[in-house]
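Computed from the coordinates by the stated procedures, all read-outs in this text should not be read as laboratory data. Not measured: the values here are computed from a predicted model. We place every Cβ from the backbone using ideal geometry, glycine too, and count neighbours over all the protein chains shown.
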Amino acid sequence: MSDTPRLLLDHARLLRNAERLRARCSALGVAFRPHLKTAKCAEVARIAHDGAIGAVTVSTLREAEFLAGAGFSDLLLAAAATPARLPRLAALAARGAAVTIVADDAAMLRLLGEAATHPLPLLLEVDCGEHRSGTDPDGAALLAAAAEAARHPLLRLHGVMTHAGHSYASDDPMALADLAEAERTAATHAAARLRAAGHDCPIVSVGSTPTLLFARHLDGVTEARAGVSLFWDLAQLSRGMCRWEDLALAVEAGVIGHQRHCPGAAGALILDAGALALSKDSGANAYLPEARFGILADAATGARLPLAIATLHQEHGTVPLPDATWFDRLPLGARVRILPNHACLTAAGGHGGYDVHDGDGIARARWARCDGW
């Protein structure tokens, strides 16, 4: 029996989630470029493309190198590029991988252009309302960035991208549809301005799970990026993006202690999954306060239990109990699944890979994942 904590991935649920995303992109008339920042796994990337090798999005060069080693050659590095990253990008290009970089500032483009040693496909990032990164789609800085890119022969402007990350703060379908339209409009307007200024702009890329699901249309967009929706999590469940039956990622933990004295409860279970195994992200709590730091499920069936982790230490999770019968129902040595609030940060813990199962928690395969930058 495998030790705990361990990262579980439900194969059937992953397949269904990927099919849903492909079907949604097909219905909207856009290509699917899955974001692998959550999965960081070649097998998941292939499933996202129905078993094929296809275009992917990554957030780190480590992910790009890992996936390039598995045969993926069309990669979008969604985090802004810097000159320090160029040697590794050149090494990837020498291996036959085309990595498109992202920038949003003329000064950074000057640095990139002066340091480049090989052709760099480029997208300009525009801000559609999140205000994390990206330039105003209607501002002078967009055209200035494009003009700076044109000055450098190794920078090859291919289009624009944007990300409506602020859509994760809503559970209102109408509001999400409006945010999706704002995302689409920002990207297509920026592309139109670039074309009018004489720049090629064949790629118009948008991406967030909620806006992809609720977009009324994506006219003028060429591709959509989504990632967490391959796995789903409690944050997305709490906002109505998915069902319990869609949650593909879980952490299996063991019961290592019975705490008989727990203020405000009939006692508590102590699990061997703490902050390093789960993360302390409480992103679901605004909409699903009972989730706390993760909802428990039966280890064999995945059926939801009326228990949640209330406190996390580095290697311990504390689960308050509504009554003392749970000490018998989950004795020392018993196992449970924990459904996490935020799949991206949970998967990025120290697990090293996925134990892939068919719904019963029994590992049929071990899939490697990469970590680091």
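Relative to the Cα centre, the charge distribution of the chain, modelled as +1 at Lys and Arg Cβ and -1 at Asp and Glu Cβ, gives a dipole magnitude of about 560 debye.
Look at the dipole of the stretch 178-282 built from charges on Cβ: of ALA196, ALA275, GLY254, the Cα furthest out on the positive end belongs to ALA196.
What whole-number value in cubic angstrom gives the convex hull volume per residue for the C-alpha atoms of the stretch 175-238?
Working: hull volume 4.8 nm³, N = 64.
Value for the stretch 175-238: 75 Å³ per residue.
How large is Rg over Rh for the stretch 217-373, taking Rg from the Cα atoms and Rh as the Kirkwood inverse mean of 1/r across Cα pairs? Can you show the working numbers first?
Details: Rg = 16.5 Å, Rh = 16.4 Å.
That ratio equals 1.01.
Panel values: the stretch 86-152, Kirkwood radius from alpha carbon pairs, Stokes-Einstein at 4 °C and 1.567 mPa s, translational diffusion coefficient 102 µm²/s.
Lys and Arg at +1, Asp and Glu at -1: add these up for the other residues within a Cβ distance under 9 Å of ARG13 and post the number. Don't jump to the answer; show the numbers that get you there.
Working: positive: ARG16; negative: ASP10, GLU245, ASP246.
Its environment carries a net charge of -2.
Taking PRO34, PRO173, PRO340 as the candidate residues, the one with maximal mean-square fluctuation in a Gaussian network model of the chain, Cα springs under 10 Å, is PRO173. Look at the dipole of the stretch 17-95 built from charges on Cβ: of ALA94, THR60, ILE47, the Cα furthest out on the positive end belongs to THR60. Using only the Cα atoms of the stretch 1-60, build the gyration tensor, take square roots of its eigenvalues as a ≥ b ≥ c, and label the shape rounded, prolate or oblate: rounded if a/c is under 1.5, else prolate if a/b is larger than b/c, else oblate. In terms of gyration-tensor shape, prolate.
Highest mobility in the GNM of the chain, judged by mean-square fluctuation with C-alpha springs under 10 Å and restricted to ALA31, ALA300, ALA90, is found for ALA300.
Anyone know which of ASP328, ASP172, ASP104 comes out most mobile in the 10 Å Cα GNM of the chain? Sorting by GNM fluctuation, first place goes to ASP328. From most to least packed by mean Cβ count within 10 Å, the peptides 342-350, 92-100 give 342-350, 92-100.
Here, the stretch 234-275 yields an orientationally averaged convex hull projection of 4.5 nm² when only Cα atoms define the hull.
Based on alpha-carbon atoms only, what is the radius of gyration of the stretch 295-368 relative to the globular estimate 2.2 N^0.38 Å? Spell out each step's value before the answer.
On the way: Rg = 13.5 Å, N = 74, 2.2 N^0.38 = 11.3 Å.
Dividing the Cα radius of gyration by 2.2 N^0.38 Å gives 1.20.
For the stretch 164-299, the Kirkwood radius over C-alpha pairs fed into Stokes-Einstein at 37 °C and 0.692 mPa s yields D = 185 µm² per second. Helical runs (DSSP H, four residues minimum) scored at -39500 (n - 2.57) apiece and divided by the length of the chain put the mean residue ellipticity at 222 nm at -8500 deg cm²/dmol.
ARG329 to ARG110: extension gain in nm, 0.36 nm per residue of separation minus the Cα-Cα distance?
Working: separation 219, 0.36 × 219 = 78.84 nm, distance 6.36 nm.
So the extension gain works out to 72.5 nm.
Please work out the Kirkwood hydrodynamic radius for the chain, using every pair of different C-alpha atoms, and report it in angstroms with one decimal place.
21.6 Å
Here the ratio of the Cα radius of gyration of the stretch 82-224 to 2.2 N^0.38 Å is 1.07. In the stretch 1-157, Rg over Rh equals 1.03, where Rg is the alpha-carbon radius of gyration and Rh the Kirkwood radius from pairwise Cα distances.
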